1. With springs only between Cα atoms under 10 Å apart, run a GNM on the chain and tell me which of 69, 28, 99 wobbles the most.
2. Of all the accessible heavy-atom surface of the chain, with the other protein chains kept in place and a 1.4 Å probe, what percent is carbon and sulfur?
3. Mind jotting down the distance between the C-alpha centroids of region 83-116 and region 4-82, whole Å?
4. With all protein chains present, calculate the accessible area of residue 111 using a 1.4 Å probe and round the result to the nearest 10 Å².
5. Using a 1.4 angstrom probe and counting only protein chains, how large is the accessible area of residue 71 in Å², to 10?
6. For the chain, what is the accessible area per residue in Å², given a 1.4 Å probe and the full set of protein chains?
7. Compute the distance in nm between two label points, each set 7 Å from the Cα along the Cα-to-Cβ direction, one at residue 28 and one at residue 1.
8. Provide the FRET efficiency to the nearest 0.05 for the residue 66-residue 113 pair, computing r from the beta carbons and using R0 = 22 Å.
Amino acid sequence: QVQLVESGGGLVQTGGSLRLSCAASGNIDSINTMHWYRQAPGNQRELIATIFRSERTNYADSVKGRFTISRDNAKNTVDLQMNSLKPEDTAVYYCNADIWGLTPRRLVNYWGQGTQVTVSS
């Protein structure tokens with residue numbers, strides 16, 4: 001079994017910064033694509049950042065230039081550095097990853113439990 005555990009959420013003022021981390025553990029051979037999503041109350045879950053194993057990245061327009069996704073393949077972690085935070089960034093943030101298991105060897109998509117980010121105005 002595989003677990004994704006996020007950390008680093010909290011309360012911050014407008015213009016502040018937070019860094020989210022997500023660590024994968026368990027039956028892991030390797031990790032392909034990793035993502036950060038977020039979901040605000042009453043809204044659908046939104047994909048905001050993607051990082052491929054090659055470390056190529058994609059961002060949603062809403063966070064481009066403010067957020068940076070990074071990964072450490074040796075540690076099976078993915079981080080999200082969030083700068084210039086706005087009240088509209090308030091949401092639960094979720095880590096998501098496509099992970100190759102060791103045994104059986106198959107590719108499975110996993111979600112973390114989410115971490116709350118609240119930006120006060």
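The values are calculated or read from the model by the stated rules, or taken from the named source; none is laboratory data. Remember, it's a predicted structure, so these values are computed and weren't measured experimentally. So basically every Cβ, Gly included, is an ideal-geometry build from the backbone, and we count neighbours across all protein chains shown. Surface accessibility is based on the protein's heavy atoms, side chains included, excluding ligands, DNA and RNA. Shrake-Rupley method; radii C 1.70, N 1.55, O 1.52, S 1.80 Å.
1. Evaluated over the chain, the most mobile residue of the options is 28.
2. Looking at the chain in its full context, I get 47 percent from C and S.
3. Going from one Cα centre to the other spans 7 Å.
4. 110 Å²
5. Accessible area, nearest 10 Å²: 30 Å².
6. Per-residue accessible area for the chain comes out at 52 Å².
7. Going by the 7 Å Cα→Cβ label model, 1.7 nm.
8. My answer for the efficiency is 0.35.
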